[in-house]
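Below is one structure; the comments refer to it alone.
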Amino acid sequence: MTTDLARLRADSALATTYYSKMFSALTAITYREKGEDAVNDLWFRVLTGHQGERYMEGLEKLGIHKDPPAVAAAKYHYFTNIIGGLKMEYVEESPRKAWVRYLAPMWMYSGVALIAMPASVRRTVFSSWHPRNGRYMGCPRLGYVGTKFSMEGDPYDEGYFIEHDHDLSEEETLRFEVVTRTPEFDPAAAPVLDPGLWPEARVLKARPKFSSGYVRSTVDCLYERYGELATHQLVRSAMRMLAIQLTPDLAAGIGGQSVADIAAFHHTLVRATRREAALERVDDTTFRVVVRGTQPFDADGPAELRSAFFEFHSMATRMLNGHVAASFASRDGVDVWEFTDTGRWLW
């Protein structure tokens, strides 16, 4: 049991890093190639797609559906983001007013990426989801107030849910307010996930789903906006550059750069993302990873999309060993990744 939990922890951390950076890369490439309006539109589409269903289902799963509306709304964002791997703070000022803070570093734009992305993105994020909570809960008195934004130079993203004494119009459900002094977080008073409902293993299994769900929604929204051809090109570009940035860290523990080591690295990454995959030795110079799972996409999704995401693995291979060639083929819904040591420099 201890060994299984240790492996689950490692797989969860690896898959969460991979998917969260993948999501970040897809939104960043959209900004670079399509502009500020496009990336804000993408965020809005991602966050509002199927939002109501996910929110109400989440309240039930978290066991907070009977809390007062402002408290339940704040706890929902506090808990779901903690499950997703974010650092959060929660302050319950009253049953009708509760604060949430999203602490640095920002999970989707780490390093200097925060500085490069337009500050308008954070206001779009919070205007897309938080003010709609009252509508889904059947509480037209519930609104959200955004008070701080890290992309605008604040130390964290912050705001509060508040239940008013009157029903709110659509325009009144969200407002922005400059608040220089806000309540201090007390860890001892913070709510905790019910360990009976959320043992560690369940949290670890759910964590990568948080990020992978954003990847799937992002691709769906790109398809709707730009079509398959342009979307696949955006994915390829994002995955190439993501591999350039992530490979040195992700592969630090593989123990070598032989073709066998490289194939094992890719197999480990696929297995961590809960896709069914087998590592096969063809001969001394060639290894295969046979991938049967398609998470987080549907099984009937286009092979061209999986090929576009394979660009990450192709570039990672090139970085690890310039003698090894990587290829992708799809046969009857099964993807075959082949890695061959050619014995010569390829680049």
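The values are calculated or read from the model by the stated rules, or taken from the named source; none is laboratory data. For clarity, every value in this text was computed on a predicted model and none was experimentally measured. Neighbour counts are summed over all protein chains in view; Cβ atoms, including those assigned to glycine, are modelled from backbone coordinates with ideal geometry. When the accessible area is computed, the model is the full protein with side chains, heavy atoms only, and any ligands, DNA or RNA have been set aside. Shrake-Rupley method; radii C 1.70, N 1.55, O 1.52, S 1.80 Å.
Please count how many residues of the stretch 24-34 are open to solvent by less than 20 Å² (accessible area, probe 1.4 Å) and farther than 13 Å from Y214 by Cα. Selection size over the stretch 24-34: 2.
Looking for something of a type outside the set (D, E, K, R) and farther than 15 Å from E311 by Cβ - is there at least one such residue anywhere in the stretch 233-246? No: the stretch 233-246 contains no residue that is of a type outside the set (D, E, K, R) and farther than 15 Å from E311 by Cβ.
When each of Y55, Y102, Y144, Y109 is tested for being at pLDDT below 95, touching a Ser or Thr at 6+ places or on another chain (Cβ under 8 Å) and buried (at least 18 other Cβ atoms within 10 Å of the Cβ), the lone residue that passes is Y109.
Among the conditions (1) over 21 Å from the mean Cα position of the chain (by Cα); (2) under 24 Å from A316 (Cα atoms), the only one that A188 does not satisfy is (2). Please verify whether A303 is touching a Ser or Thr at 6+ places or on another chain (Cβ under 6 Å), surrounded by fewer than 17 Cβ atoms within 10 Å (Cβ to Cβ), modelled with pLDDT under 95 and not polar (S, T, N, Q), treating the condition exactly as stated. Taking the combined requirement at face value, the residue satisfies it.
Scanning the stretch 306-344 for residues that are hydroxyl-bearing (S, T, Y) and under 26 Å from D249 (Cβ atoms), which turns out surrounded by the most Cβ atoms within 10 Å (Cβ to Cβ)? Among residues in the stretch 306-344 that are hydroxyl-bearing (S, T, Y) and under 26 Å from D249 (Cβ atoms), the one surrounded by the most Cβ atoms within 10 Å (Cβ to Cβ) is T317. Pairs are defined by a Cβ separation below 7 Å, a sequence spacing of at least 6 or placement on different chains, a first member in the stretch 292-303 that is basic (K, R), and a second member that is open to solvent by 80 Å² or more (accessible area, probe 1.4 Å); the pairs so defined are R292/E276.
Among the residues examined, V203 qualifies as open to solvent by less than 60 Å² (accessible area, probe 1.4 Å) and out of contact with any His (no Cβ under 9 Å at 6 or more places or on another chain).
Taking residues in the stretch 1-23 that are open to solvent by 60 Å² or more (accessible area, probe 1.4 Å), and partners anywhere that are of a type in the set (D, E), the pairs with Cβ atoms closer than 9 Å and at least 6 places apart or on different chains are R9/E200. Every condition in (1) outside any helix (DSSP H, G or I); (2) at negative phi holds for L242 except the one numbered (1). Yes or no: I244 open to solvent by 50 Å² or more (accessible area, probe 1.4 Å), within 13 Å of H313 (Cα to Cα), among the hydrophobic types (A, V, I, L, M, F, W, C) and in contact (Cβ under 8 Å) with a residue 24 or more places away in the chain? So I244 fits the description; yes. Considering only residues that are among the hydrophobic types (A, V, I, L, M, F, W, C) and part of a loop (DSSP other than H, G, I, E, B), look in the stretch 283-339 and name the one that is nearest to I262 (Cα to Cα). Only one residue fits best here, namely F310. The criterion of at least 2 residues that are in contact with a helix residue (DSSP H, G or I) (Cβ under 7 Å, 6 or more places away or on another chain) and under 19 Å from P195 (Cβ atoms) is met by the following helices (runs of 4 or more DSSP H) wholly inside the stretch 41-117: 51-62, 69-83. Confirm whether W347 is touching a residue at least 24 places away in the same chain (Cβ under 8 Å) and open to solvent by less than 50 Å² (accessible area, probe 1.4 Å). Taking the combined requirement at face value, the residue does not satisfy it.
Scanning the stretch 262-281 for residues that are touching a residue at least 12 places away in the same chain (Cβ under 8 Å) and more than 16 Å from P208 (Cβ to Cβ) yields I262, A263, A264, F265, H266, H267, A278, L279, R281.
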